[in-house]
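J.: I have a structure I would like to understand better, so I am pasting it below and will then ask my questions one at a time.
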Amino acid sequence: MAEDTDVEVTPGSTTATVGRVQRLPLRQLIQIGLAILIVTFVAIGSYKTLTLPSGEGYDPSTWKAFVISGVAQGGIYALIAIGYTLVYGVLRMINFAHGEVFMMGCFVSFFFADAYASSGFLNRHPYPALAVVFVIAMLTSCLIAMLLERVAYRPLRNAPRLVPLITAIGASLFLQNTAYGFFGPQTRAYPVPDVLSGDKTWTILGITMQRIQVVVIMTAILAVIGLTLFIARTRTGKSIRAVAEDREIASLMGIDVDRTIMVTFALGGLLAGIAGVQFGLTFGQVNFHIGFAVGIAAFTASVLGGIGSIAGAALGGLVLGLLQSVGPPLLFTGFNIPAPFQLQDVITFSVLVLVLIFRPGGILGSGEAEKV
Amino acid sequence: MRHRRWLTPLVLLGAFAMIAAACSNSSSAAGGSTSGGAAVDCNAAPGCVTIAAGAPIQIGTLLSVSGDNADLGTDSLYGVELAIDHLDGTFDGTPGQIDGHAVQLQQEDDTCSAEGGQAGATKLAANPDIVAVIGTSCSGAALGVADKILGDKGIVLLSPSNTNPALTAQGTHNPYYFRTAHNDLIQGAVVSDFAIKHLHAKTAATIHDESPYTEGLTTAFANAFQQAGGQVVDAEVIDSSQQSYTPVLTKIGQKSPDLLYGPDYTAECALILKQGHQVAGLANTTFMGSDGCFASNFIKLAGSAINGAYYSAPNLSAFQQKDFYNNEFIPAYKQQFGTAPISAFHAHAYDALNLLAAAIDKAAVKNADGSLTIARNALRDAVQGTTDLQGIVTTYTCTSLGDCATAVTIGVYAAPNLAIEGSTGNGQPIFSETKTLAQATGSG
């Protein structure tokens, strides 16, 4: 998609046929018009909201709460979005089953967490118990991501691009129904140890946050830093970059392409597993279809940030989380629109469309070659 | 995908079944018009169902038996099965009969959604031998979907748990739709009374997820509360595919209402409670929900956040036939399904089948050859003509707009003392009020 738009816009201004010249300004005019319209709407909406009399508007502590919950939600999105972005960077393929990889990690770790909770181990020794739960979730997600690659994608690696996309959707349905079949349809209560329960807070830099929110945000930051270092500094990271750049040349240089791609999936799976446990601890629930909605949101985040870029995925997750929590009250309260949060998706996807119109590669996704 | 191996035989079987059904139907319809022609006019739309001698009466169920709200529909299905068992007067595991015919259920799933209601109703409507349907579990599956699809075929749809007011409101009511569940105008009015008389609440906020059940109930409550002099300071809408309601609850917290009424389904109820307790502005707010929250895992899902919350639901201890319910129905339920009731509408479902059985008995014409001819219109009229029918829950008299429970006792339960499995306490409500439909519509 990104390539198409570039090709049409840039040569059009230099090599001008009559048709091109007439079409281009119109397109740009529409873009500019759209931009002005939206900027005006956002500006007026925000201004009206922020200047509401004190009884009707929001006080600073409320804004702070909106931002914190948005950032924490964004952290979970970011961890999953990185999985989408890694695979896209290397294979130019959207792994639509990644949301289910996340769900499986969450669900399998639930059984361990639940057993620890009923034996009392979770509350008596929360840190080792949580460590085990995290490791289990990471291993599960990692294993499923690798199996997916081996079974569903590798045989189709040289097939047309549409084919693995369809398999990905099939794999997603398969995993969802597997979870349904094995674990049943009910929503399960994910046990949360007392040390991380919702009423326990930490104060960092003068901001009081729930502990679980701090954990989510810190993990997301660490994961991005760690992954960036891994890809920039290690030998495996170098081979991932090489395969992303050109698979054939990389294999001619002696890089084991199959192994490298497997590692990429494994990395995405590890992070999805972490996100799975954090989701469980944040919301206290798990069921077989959580992967769908969260997966779509994380995919949106990765496109928003620039698919193929790790920092982009993290930024996209953050932006998406913030848009969902801060956007509705900021834009709509001023216009006196009732129940603004039902328009959450309108904001999210409007922003996505706009980013794709004005920056087709996403917020950070400018350089095509240096992705990953 | 996993079922690919089974696809071919299934398709063949389906094709065969359709041909067989088509054949049997045309022959039985012809038979019906000759023998029972004097009493029943089967030419007028929507026609008749003829049940051959020895053949079962087929009744459809369209209940939410999978997914998040499986407990709600499964519980109702258990009620229906117990009613069929008790048609012969005892809970002995041997199904009873209506007019000498066994009852056979065709079970479909409404998945608690409009899509599920559409798919299930279409399947049931395609079976020409379906006499009537018990369902749906969720208002959203019925409103404008299942009630229309089945109504167009002249099939009576009788719901044990739909409570949305629009289903039985002038203009949106389908003439073939009835329910034994209470109209939420009544529940909304009782909740409002509870808020004002018991909690002394002056301000309230509501939250719903756009599904007809939650929207109907919050609207009914908000109207009744405002009529009674209360102030609704915020009315919010959530998207139930999301899990993070903290921003919405933070916005509500800005107004610090005395009461937050968030009737929803189980998973969302738990999320609202848990996240709401972490919002500073809601520290002095009382949380209230409704019977849609009730499922066997609700108390576990909500955890300690459930303490201090209130839930409105049909008052089980005010049931008309309380002794029968406690001494015969509940033991039979436990014995046959191995659990205490898992949701709130099993008794309504039990009553629904009995109401239907009485109406079938009234409308059916017994032919000399032992077959039964039921004119669809006559069955509809018989259901609507139900007067003073004794049920477990209440005495049913159906109105022309489809409400059969016209006087309802709603209780308010103080969590965790709820009338479901896993609760602590005696399962008795702390507040209970009986209202008639006329009172509720008059005040709302």
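The values are calculated or read from the model by the stated rules, or taken from the named source; none is laboratory data. The structure displayed is predicted, hence computed values, not measured ones. Because the Cβ atoms are built from the backbone with ideal geometry, glycine has one as well, and the counts that use them run over all protein chains shown. Surface areas here come from the heavy atoms of the whole protein model, side chains and all, with no ligands, DNA or RNA. Shrake-Rupley method; radii C 1.70, N 1.55, O 1.52, S 1.80 Å.
J.: Work out the mean other chain Cβ neighbour count within 10 Å for the residues of A:68-78 and drop it here as an integer.
T.: Average per residue, whole number: 2.
J.: Moving on. Could you name the lysines in cross-link range of A:K238, using Cα to Cα under 26 Å and dropping any fewer than eight places away on the same chain?
T.: Cα-Cα hits under 26 Å: A:K371.
J.: Continuing with this model, one more query. Only Cα pairs under 8 Å and at least 6 apart count here; give the relative contact order of the range A:160-229 as a rounded whole percent. Before the final figure, lay out each step's value.
T.: Working: 21 pairs, mean separation 10.8, N = 70.
Relative CO of the range A:160-229 lands at 15 percent.
J.: Kindly rank A:236-245, A:198-207 from highest to lowest mean number of other beta carbons found within 10 Å of each residue.
T.: Values: A:236-245: 19.8, A:198-207: 11.6.
By packing density, highest mean first, the sequence is A:236-245, A:198-207.
J.: By average Cβ neighbour count within 10 Å, what is the ranking of A:272-285, A:142-155 from highest down? Walk me through the intermediate numbers first.
T.: Numbers: A:272-285: 27.9, A:142-155: 19.3.
The peptides rank, most packed first, as A:272-285, A:142-155.
J.: Then there's this: At 1.4 Å probe size, with every protein chain present, just tell me what the per residue accessible area of the range A:191-319 comes to in Å². Please list the in-between numbers first.
T.: On the way: 5210 Å² over 129 residues.
For the range A:191-319, the per-residue accessible area is 40 Å².
J.: Using Cα-Cα distances under 8 Å and only pairs 6 or more residues apart, what relative contact order does chain B have, in percent? Let's see the in-between values first.
T.: Numbers: 999 pairs, mean separation 79.6, N = 444.
Averaging sequence separation for qualifying contacts and normalising by length gives 18 percent for chain B.
J.: Once label points are set 7 Å from the Cα along Cα→Cβ at both A:L354 and A:T178, what is their separation, rounded to one decimal in nm?
T.: It is 4.1 nm.
J.: Can you give me the three principal axis dimensions of the range A:178-248 from its C-alpha atoms, in Å, biggest first?
T.: 52, 46, 14
J.: OK, next. Rounded to the nearest 0.05, what FRET efficiency is calculated for B:Q336 and A:S46 with R0 set to 60 Å and r the Cβ-Cβ distance?
T.: 0.50
J.: Also, quick follow-up: Across the residues of B:236-242, average count of Cβ atoms on other protein chains within 10 Å?
T.: Numbers: counts 5, 7, 4, 7, 1, 8, 9.
The mean count of partner-chain Cβ atoms within 10 Å per residue comes to 6.
J.: Would you mind getting me the FRET efficiency between A:S54 and B:N307? Use the beta-carbon distance for r and R0 = 41 Å, nearest 0.05.
T.: Working: r = 33 Å, r/R0 = 0.81.
With R0 = 41 Å, the Cβ-Cβ based efficiency is 0.80.
J.: Continuing with the same structure: Which of the pairs B:K148/B:K362; B:K251/B:K300; B:K123/B:K148 have their Cα atoms more than 18 Å apart in this structure?
T.: On the way: B:K148/B:K362 25 Å; B:K251/B:K300 27 Å; B:K123/B:K148 14 Å.
Going by Cα-Cα distance, B:K148/B:K362; B:K251/B:K300 fall outside the 18 Å limit.
J.: By how many nm would the segment from A:F335 to A:F121 lengthen if fully extended, with 0.36 nm per residue of separation less the alpha-carbon distance? Spell out each step's value before the answer.
T.: Numbers: separation 214, 0.36 × 214 = 77.04 nm, distance 5.14 nm.
Result: 71.9 nm gained on full extension.
J.: If you don't mind, another one. Want the number for A:T234 to A:L139: 0.36 nm per residue separation, take away the alpha-carbon distance, what's left? It would help to have the intermediate numbers written out before the result.
T.: Values: separation 95, 0.36 × 95 = 34.20 nm, distance 2.16 nm.
Between A:T234 and A:L139, full extension yields 32.0 nm more.
J.: Give me a single rounded figure for B:299-312: the average over its residues of other chain Cβ atoms within 10 Å of their Cβ.
T.: On the way: counts 1, 5, 7, 2, 6, 3, 4, 0, 0, 0, 0, 0, 0, 0.
Per-residue shielding by partner chains comes out at 2.
J.: Peptides A:336-348, B:344-356, A:26-38: what's the order by average Cβ count within 10 Å, highest mean first?
T.: For the peptides A:336-348, B:344-356, A:26-38, the packing ranking is B:344-356, A:336-348, A:26-38.
J.: Kindly tabulate the residues in the range A:181-207 with an accessible-area decrease of at least 50 Å² between the chain alone and the assembly of all protein chains, using a probe of 1.4 Å.
T.: A:T187, A:A189
J.: For B:K153, list the aspartates and glutamates whose Cα falls under 20 Å from its own Cα; do not include residues on the same chain fewer than 8 positions away.
T.: By straight Cα distance, B:K153 reaches B:D41, B:E108, B:D109, B:D110, B:E115, B:D129, B:D381.
J.: When DSSP assigns beta bridges and you keep just the ones with both residues in the protein assembly as shown, what percent turn out antiparallel, to the nearest 5? Kindly include the intermediate steps, with their values, before the conclusion.
T.: Values: 28 of 62 bridges.
Percentage antiparallel, nearest 5: 45.
J.: Using a probe radius of 1.4 Å on heavy atoms only, what accessible surface per residue do you get for the range A:113-186? Whole Å² is fine.
T.: Working: 4010 Å² over 74 residues.
Value returned for the range A:113-186: 54 Å² of accessible area per residue.
J.: Still on this structure, I have one more. So, with a 1.4 angstrom probe, what is the percent of accessible area on the protein assembly as shown that is carbon and sulfur?
T.: Values: 20430 of 33430 Å².
Ligands and nucleic acids excluded, carbon and sulfur give 61 percent.
J.: Next question, about the same structure. Considering only the other residues whose Cβ falls under 10 Å of the Cβ of B:G116, what net charge follows from Lys and Arg at +1 and Asp and Glu at -1?
T.: Details: positive: none; negative: B:E108, B:D109, B:D110, B:E115.
Cβ neighbours under 10 Å give a net charge of -4.
J.: Among rounded, prolate and oblate, which fits chain A when a ≥ b ≥ c are the square roots of the eigenvalues of its C-alpha gyration tensor, a/c under 1.5 means rounded, and a/b larger than b/c means prolate? Mind dumping the intermediate values first?
T.: Numbers: a/c = 1.98, a/b = 1.09, b/c = 1.81.
Oblate, since a/c reaches 1.5 and b/c is not below a/b.
J.: With +1 on each Lys and Arg Cβ and -1 on each Asp and Glu Cβ, how big is the dipole of the protein assembly as shown about its Cα centre, in debye rounded to the nearest 20?
T.: Values: 42 positive and 57 negative charges, 511 e Å.
Approximately 2460 debye in magnitude.
J.: Further, regarding this structure: By how many nm would the segment from B:T94 to B:H200 lengthen if fully extended, with 0.36 nm per residue of separation less the alpha-carbon distance? Can you show the working numbers first?
T.: Details: separation 106, 0.36 × 106 = 38.16 nm, distance 5.13 nm.
Taking B:T94 through B:H200 to full extension adds about 33.0 nm, to one decimal.
J.: If a helix is a whole DSSP H run, which ones in chain A reach 27 Å or further along their own axis (Cα) and hold a mean Kyte-Doolittle hydropathy of at least -1.0? Spell out each step's value before the answer.
T.: Values: long enough: A:18-50 (48 Å, 1.04); A:60-91 (45 Å, 1.17); A:98-119 (32 Å, 0.88); A:126-148 (32 Å, 2.21); A:162-183 (31 Å, 1.33); A:211-233 (32 Å, 2.02); A:257-283 (39 Å, 1.37); A:310-332 (32 Å, 1.66).
Membrane-span-like by this criterion, though nothing is claimed about a membrane: A:18-50, A:60-91, A:98-119, A:126-148, A:162-183, A:211-233, A:257-283, A:310-332.
J.: Rounded to the nearest 500, what is the 222 nm mean residue ellipticity of chain A from helices alone, with -39500 (n - 2.57) per DSSP H run of 4+ residues and division by all residues?
T.: Mean residue ellipticity, 222 nm, calculated: -25000 deg cm²/dmol.
J.: Can you work out the accessible area per residue across chain B, with the rest of the protein chains kept in place, probe 1.4 Å, in square angstrom? Before the final figure, lay out each step's value.
T.: Values: 16320 Å² over 444 residues.
About 37 Å² of surface per residue is accessible.
J.: Have a look at the range A:269-310 and report residues whose accessible surface goes down by 30 Å² or more when the remaining protein chains are included, against the chain on its own, probe 1.4 Å, ligands and DNA/RNA excluded.
T.: A:F283, A:Q285, A:A293
J.: What shape does the range A:23-80 have by the C-alpha gyration tensor, where a ≥ b ≥ c are the square roots of the eigenvalues, rounded means a/c under 1.5, and otherwise prolate means a/b greater than b/c and oblate the rest? Provide the component values of the computation, followed by the final result.
T.: Numbers: a/c = 7.13, a/b = 1.44, b/c = 4.94.
Oblate, since a/c reaches 1.5 and b/c is not below a/b.
J.: Shifting gears a bit: By a straight-distance test (C-alpha under 18 Å), which lysines pair with B:K202 as possible cross-link partners, with residues fewer than eight away in the same chain excluded?
T.: B:K255
J.: Oh, and also: Taking 8 Å as the Cα distance limit and 6 or more residues as the minimum spacing, I'd like the relative contact order of the range A:111-206 as a percentage.
T.: Details: 34 pairs, mean separation 34.0, N = 96.
Across the range A:111-206, relative contact order equals 35 percent.
J.: Which value, in debye to the nearest 20, gives the size of the charge dipole of the range B:340-444 about its Cα centre, when Lys and Arg are +1 and Asp and Glu are -1 at the Cβ?
T.: Working: 5 positive and 8 negative charges, 34 e Å.
For this selection, approximately 160 debye.
J.: Mind checking how much accessible area A and B bury in total, 1.4 Å probe, in Å² rounded to 100? Before the final figure, lay out each step's value.
T.: Values: alone 18440 and 17760 Å², together 33430 Å².
Summing both chains' loss of accessible area gives about 2800 Å².
J.: I'd like the FRET efficiency for B:K366 and B:A102, computed as 1/(1 + (r/R0)^6) with the beta carbon distance as r and R0 of 22 Å, rounded to 0.05.
T.: Working: r = 15 Å, r/R0 = 0.70.
Once the sixth-power term is evaluated, E becomes 0.90.
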